[in-house]
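A short reminder: the numbers here are calculations on the coordinates, not readings from a lab. Everything numeric in this text was worked out from a predicted model, so none of it was measured. For neighbour counting, all protein chains shown are included, and Cβ atoms are generated from backbone atoms with ideal geometry for every residue, glycine included.
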Amino acid sequence: DYAALMSAPVSFVNADLASIYGLQGLGPEFVEVDLDPMQRGGILTQPSMLATHAFPHLSSPIHRGAFMQRQILCNPPPPPPGDADFNLPPVEGEIKTTRQQVEAHTESKEYCASCHKTFVNPPGFAFEHYDALGQWRAEENMVPIDSASQFTGRYGTEFVFTDAIDMIDQIVASEEGPRCYLT
């Protein structure tokens with residue numbers, strides 16, 4: 001059912017995928033495995049989804065957040081303005097994490113901040129515990145991951161969460177996630 005699809009901490013893993021999940025002792029055949037429910041839940045925390053919505057060597061809260069709004073909550077963000085600058089500031093000085101890069105970049109211009117701060121970035125930040133490949137991480141560049149955020153859904157649901165698992169559980173329990181899934 002919908003709840004299991006979105007939140008069940010299981011996957012099919014073989015030896016090639018085992019290291020991404022932090023598992024050992026698997027052979028070449030895919031087998032169903034139970035995953036850490038504090039780190040994995042349903043299709044949204046699987047490496048295939050996470051890697052598809054990231055850059056080759058960098059997570060992308062913007063891509064992951066836009067995907068969540070568009071495909072999971074049926075609330076597509078407006079397109080960026082034609083002159084939008086997509087280059088994040090470098091990791092240096094006070095900017096040490098991808099989240100800090102995205103916040104600095106999207107809050108620097110008012111027309112960017114209006115969508116990103118309250119709409120696109122928050123659901124994307126929930127996935128910052130997963131690197132570009134979808135491997136779990138507790139820190140980035142020796143800084144603890146901050147995956148907490150909040151946003152208001154299309155139908156007024158307030159999502160206030162600590163991480164992806166918490167956000168997914170709230171989406172599953174809301175009217176918004178199942179309503180989008182059924183359309």
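Between the residues 105, 76, 124, the greatest Cα displacement towards the positive end of the dipole of the chain, with unit charges on the Cβ of Lys, Arg, Asp and Glu, is found for 76. GNM on the chain, alpha-carbon springs under 10 angstrom: the most fluctuating residue among 147, 19, 60 is 19. Averaging the Cα positions of each part gives two centres, and for segment 12-64 and segment 98-127 these lie 25 Å apart.
Ranking 153, 35, 138 by Cα position along the charge dipole of the chain, where only Lys, Arg, Asp and Glu carry charges on their C-beta atoms, puts 153 farthest toward the positive end. About its Cα centre, the chain has a charge dipole of approximately 400 debye under the convention of +1 per Lys or Arg Cβ and -1 per Asp or Glu Cβ, with nothing else charged.
How much length is gained if the chain between residue 83 and residue 1 is pulled fully straight, taking 0.36 nm per residue apart and subtracting their Cα-Cα distance, in nm to one decimal?
Separation in residues times 0.36 nm, less the Cα-Cα distance, equals 25.3 nm.
Between amide H atoms placed 1.01 Å from N, distances below 5 Å from residue 10 occur with 35, 42, all of them 5 or more places distant or on a separate chain. May I ask you to list the residues of segment 1-23 whose amide nitrogen lies under 16 Å from a point 7 Å from Cα along the Cα→beta-carbon direction of residue 29? Backbone N within reach: 12-16. Karplus-based coupling profile of segment 147-157, in residue order and whole Hz: 10, 7, 5, 7, 7, 9, x, 4, 9, x, 5, with θ = phi - 60° in 6.51 cos²θ - 1.76 cosθ + 1.60 and x standing for Gly or Pro.
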